[in-house]
Amino acid sequence: MKQLTRIRLINWHLFENNTITCQGTTYFIGINGVGKSTILDAIQFALVGGQRDVRFNQAAMSGSRRTLTSYIRGELGTEGRRFLRNDATGVVALEFRNSDDTYFVHGAVVDAYQDGRSPDLTYFIVNGAGLNDDWFFRAPGQLFDSRAFRRHLDHFTLPNPQARAQLFTRLEDYRFHLLNR
(Lines give C-alpha, C1' and ligand atoms only; values in the text may rest on other atoms or scores of the structure.)
Protein backbone atom coordinates (compact mmCIF):
# COMPACT_ATOMS: atom_id res chain seq x y z
CA MET A 1 0.00 0.00 0.00
CA LYS A 2 1.18 3.52 -0.81
CA GLN A 3 0.73 6.27 1.78
CA LEU A 4 0.74 9.98 1.03
CA THR A 5 3.32 11.49 3.39
CA ARG A 6 3.86 15.08 2.20
CA ILE A 7 2.24 17.63 -0.07
CA ARG A 8 4.51 20.38 -1.40
CA LEU A 9 2.84 23.55 -2.71
CA ILE A 10 4.83 26.45 -4.11
CA ASN A 11 2.88 29.35 -5.65
CA TRP A 12 -0.39 27.43 -5.58
CA HIS A 13 -3.13 30.02 -5.04
CA LEU A 14 -2.52 31.51 -1.55
CA PHE A 15 0.07 28.86 -0.64
CA GLU A 16 3.42 30.49 -1.43
CA ASN A 17 5.86 27.95 -0.03
CA ASN A 18 4.25 25.25 2.10
CA THR A 19 4.74 21.60 2.95
CA ILE A 20 1.88 19.67 4.50
CA THR A 21 2.82 16.50 6.36
CA CYS A 22 0.31 13.66 6.30
CA GLN A 23 0.40 10.88 8.88
CA GLY A 24 -2.13 8.08 8.89
CA THR A 25 -5.53 9.63 8.44
CA THR A 26 -5.25 13.34 7.71
CA TYR A 27 -8.15 15.76 8.05
CA PHE A 28 -8.39 19.24 6.58
CA ILE A 29 -10.49 21.31 8.96
CA GLY A 30 -11.04 25.06 8.90
CA ILE A 31 -13.39 27.90 8.19
CA ASN A 32 -14.54 28.75 4.67
CA GLY A 33 -11.83 30.22 2.48
CA VAL A 34 -8.86 28.91 4.46
CA GLY A 35 -7.61 26.62 1.63
CA LYS A 36 -9.02 23.13 2.25
CA SER A 37 -10.38 22.78 -1.29
CA THR A 38 -7.25 24.41 -2.69
CA ILE A 39 -5.14 21.60 -1.18
CA LEU A 40 -7.51 18.95 -2.53
CA ASP A 41 -7.38 20.58 -5.97
CA ALA A 42 -3.57 20.40 -5.87
CA ILE A 43 -3.72 16.69 -4.99
CA GLN A 44 -6.26 16.07 -7.74
CA PHE A 45 -4.12 17.94 -10.26
CA ALA A 46 -0.99 15.92 -9.35
CA LEU A 47 -2.91 12.64 -9.57
CA VAL A 48 -4.80 13.39 -12.80
CA GLY A 49 -2.31 15.71 -14.44
CA GLY A 50 -4.52 17.34 -17.01
CA GLN A 51 -6.11 20.74 -16.61
CA ARG A 52 -9.10 19.70 -18.70
CA ASP A 53 -9.75 16.66 -16.53
CA VAL A 54 -9.64 18.51 -13.21
CA ARG A 55 -12.67 20.34 -11.86
CA PHE A 56 -11.09 22.99 -9.70
CA ASN A 57 -12.88 24.34 -6.61
CA GLN A 58 -15.88 22.04 -6.67
CA ALA A 59 -16.75 23.07 -3.12
CA ALA A 60 -17.65 26.60 -4.27
CA MET A 61 -21.34 27.36 -4.06
CA SER A 62 -21.42 29.10 -7.43
CA GLY A 63 -19.73 27.67 -10.48
CA SER A 64 -16.07 28.33 -9.93
CA ARG A 65 -13.98 29.45 -12.87
CA ARG A 66 -10.62 28.64 -11.32
CA THR A 67 -8.01 27.43 -13.75
CA LEU A 68 -4.49 26.12 -13.50
CA THR A 69 -3.21 29.58 -14.45
CA SER A 70 -5.35 31.30 -11.81
CA TYR A 71 -4.03 28.90 -9.15
CA ILE A 72 -0.38 29.51 -10.08
CA ARG A 73 -0.76 33.28 -10.41
CA GLY A 74 -2.89 33.50 -7.24
CA GLU A 75 -6.10 35.04 -8.53
CA LEU A 76 -7.98 37.02 -5.91
CA GLY A 77 -11.73 37.47 -6.27
CA THR A 78 -13.78 36.67 -9.33
CA GLU A 79 -13.11 39.64 -11.56
CA GLY A 80 -9.99 38.03 -13.02
CA ARG A 81 -7.93 41.20 -12.68
CA ARG A 82 -6.29 40.90 -9.27
CA PHE A 83 -3.41 38.45 -8.93
CA LEU A 84 -0.74 37.90 -6.31
CA ARG A 85 1.79 37.05 -9.02
CA ASN A 86 2.38 38.14 -12.64
CA ASP A 87 4.17 35.55 -14.77
CA ALA A 88 4.85 32.82 -12.23
CA THR A 89 6.11 29.29 -11.73
CA GLY A 90 4.40 26.94 -9.32
CA VAL A 91 5.03 23.44 -8.00
CA VAL A 92 2.69 20.73 -6.82
CA ALA A 93 4.49 17.63 -5.54
CA LEU A 94 3.19 14.59 -3.67
CA GLU A 95 5.51 12.31 -1.71
CA PHE A 96 4.41 8.72 -1.08
CA ARG A 97 5.87 5.94 1.03
CA ASN A 98 5.66 2.39 -0.26
CA SER A 99 5.02 -0.59 1.99
CA ASP A 100 8.77 -1.41 1.85
CA ASP A 101 9.59 2.08 3.27
CA THR A 102 10.94 3.39 -0.03
CA TYR A 103 9.61 6.69 -1.37
CA PHE A 104 8.51 8.19 -4.64
CA VAL A 105 7.45 11.70 -5.56
CA HIS A 106 5.40 12.97 -8.46
CA GLY A 107 3.79 16.16 -9.59
CA ALA A 108 4.34 19.12 -11.90
CA VAL A 109 6.21 22.36 -12.33
CA VAL A 110 3.94 24.90 -14.04
CA ASP A 111 4.73 28.22 -15.71
CA ALA A 112 1.67 30.50 -15.93
CA TYR A 113 1.57 33.76 -17.87
CA GLN A 114 -0.31 37.00 -17.41
CA ASP A 115 -0.75 37.45 -21.18
CA GLY A 116 -3.16 34.49 -21.34
CA ARG A 117 -0.88 31.95 -23.01
CA SER A 118 -1.44 28.34 -22.05
CA PRO A 119 0.72 27.27 -19.13
CA ASP A 120 3.93 25.32 -19.74
CA LEU A 121 4.12 22.12 -17.72
CA THR A 122 6.79 19.63 -16.81
CA TYR A 123 5.48 16.56 -15.04
CA PHE A 124 7.87 14.44 -13.01
CA ILE A 125 8.11 11.13 -11.20
CA VAL A 126 11.08 10.41 -8.95
CA ASN A 127 11.31 6.80 -7.81
CA GLY A 128 13.46 5.77 -4.86
CA ALA A 129 13.80 9.19 -3.24
CA GLY A 130 11.92 11.44 -0.88
CA LEU A 131 10.87 15.00 -1.64
CA ASN A 132 13.82 17.39 -1.98
CA ASP A 133 13.53 21.17 -2.37
CA ASP A 134 16.89 21.22 -4.18
CA TRP A 135 14.99 19.86 -7.20
CA PHE A 136 12.93 23.05 -7.49
CA PHE A 137 15.05 25.96 -6.24
CA ARG A 138 18.14 27.39 -7.95
CA ALA A 139 18.74 29.51 -4.80
CA PRO A 140 16.62 30.25 -1.72
CA GLY A 141 13.32 31.69 -2.93
CA GLN A 142 14.25 31.35 -6.63
CA LEU A 143 12.34 28.61 -8.43
CA PHE A 144 13.51 27.00 -11.63
CA ASP A 145 10.97 27.59 -14.41
CA SER A 146 9.69 24.41 -16.08
CA ARG A 147 12.37 24.36 -18.79
CA ALA A 148 15.27 24.98 -16.36
CA PHE A 149 13.75 22.41 -13.97
CA ARG A 150 13.96 19.75 -16.71
CA ARG A 151 17.62 20.53 -17.38
CA HIS A 152 18.41 20.65 -13.65
CA LEU A 153 16.68 17.40 -12.66
CA ASP A 154 18.21 15.58 -15.65
CA HIS A 155 21.63 16.21 -14.07
CA PHE A 156 20.70 16.12 -10.39
CA THR A 157 22.42 13.41 -8.35
CA LEU A 158 19.77 11.46 -6.45
CA PRO A 159 20.57 10.05 -2.99
CA ASN A 160 20.87 6.41 -3.94
CA PRO A 161 21.93 4.56 -7.11
CA GLN A 162 18.48 2.96 -7.54
CA ALA A 163 16.67 6.32 -7.55
CA ARG A 164 15.48 7.54 -10.92
CA ALA A 165 13.86 10.75 -12.13
CA GLN A 166 11.52 10.75 -15.11
CA LEU A 167 10.39 13.98 -16.78
CA PHE A 168 7.44 14.42 -19.11
CA THR A 169 6.07 17.27 -21.17
CA ARG A 170 3.25 15.15 -22.57
CA LEU A 171 0.35 14.42 -20.22
CA GLU A 172 -0.24 11.00 -21.79
CA ASP A 173 3.32 9.89 -20.96
CA TYR A 174 3.04 11.14 -17.38
CA ARG A 175 -0.27 9.34 -16.86
CA PHE A 176 1.03 6.11 -18.37
CA HIS A 177 4.07 6.04 -16.08
CA LEU A 178 2.11 7.19 -13.05
CA LEU A 179 -0.51 4.46 -13.50
CA ASN A 180 2.26 1.87 -13.86
CA ARG A 181 3.91 3.23 -10.71
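The values are calculated or read from the model by the stated rules, or taken from the named source; none is laboratory data. These numbers were taken from a predicted model, which means no experiment stands behind them. Virtual Cβ from ideal backbone geometry, glycine too; neighbours counted across all protein chains shown. Heavy atoms of the whole protein, side chains included, go into the accessibility calculation; ligands, DNA and RNA do not. Shrake-Rupley method; radii C 1.70, N 1.55, O 1.52, S 1.80 Å.
Under 8 Å between Cβ atoms, at least 6 apart or on separate chains: pull out the pairs that start in segment 125-146 with a residue that is surrounded by fewer than 13 Cβ atoms within 10 Å (Cβ to Cβ) and end on any residue that is modelled with pLDDT under 95.
Asp134/Phe156
Among the residues of segment 1-48, what is the count of those that are of a type in the set (A, V, I, L, M), under 21 Å from Leu171 (Cβ atoms), touching a Phe, Trp or Tyr at 6+ places or on another chain (Cβ under 8 Å) and touching a residue at least 24 places away in the same chain (Cβ under 8 Å)?
3
Find all pairs meeting these conditions: Cβ atoms under 6 angstrom apart; at least six residues apart or on different chains; first residue within segment 62-73 and within 7 Å of His13 (Cα to Cα); second residue modelled with pLDDT under 80 and among the β-branched types (Val, Ile, Thr).
So the pair list comes out empty.
Hey, could you check segment 20-29 for residues that are polar (S, T, N, Q) and open to solvent by 70 Å² or more (accessible area, probe 1.4 Å) and say which is modelled with the highest pLDDT?
Here the residue is Thr21.
Residue by residue through segment 64-101, note down the ones that are of a type in the set (S, T, N, Q) and open to solvent by 60 Å² or more (accessible area, probe 1.4 Å). Full working, then the answer.
We begin by selecting, within segment 64-101, every residue of a type in the set (S, T, N, Q); these are 64, 67, 69-70, 78, 86, 89, 98-99.
Selection gives Thr67, Thr78, Asn86, Ser99.
Taking only segment 71-115 into account, find how many residues are part of a strand (DSSP E or B), at pLDDT below 95 and not basic (Lys, Arg).
The total comes to 3.
Output the residues belonging to segment 144-181 that are under 18 Å from Gly130 (Cα atoms), of a type outside the set (Gly, Ala, Ser) and in a loop (DSSP other than H, G, I, E, B).
Matches in segment 144-181: Phe156, Thr157, Leu158, Pro159, Asn160, Pro161, Gln162, Arg181.
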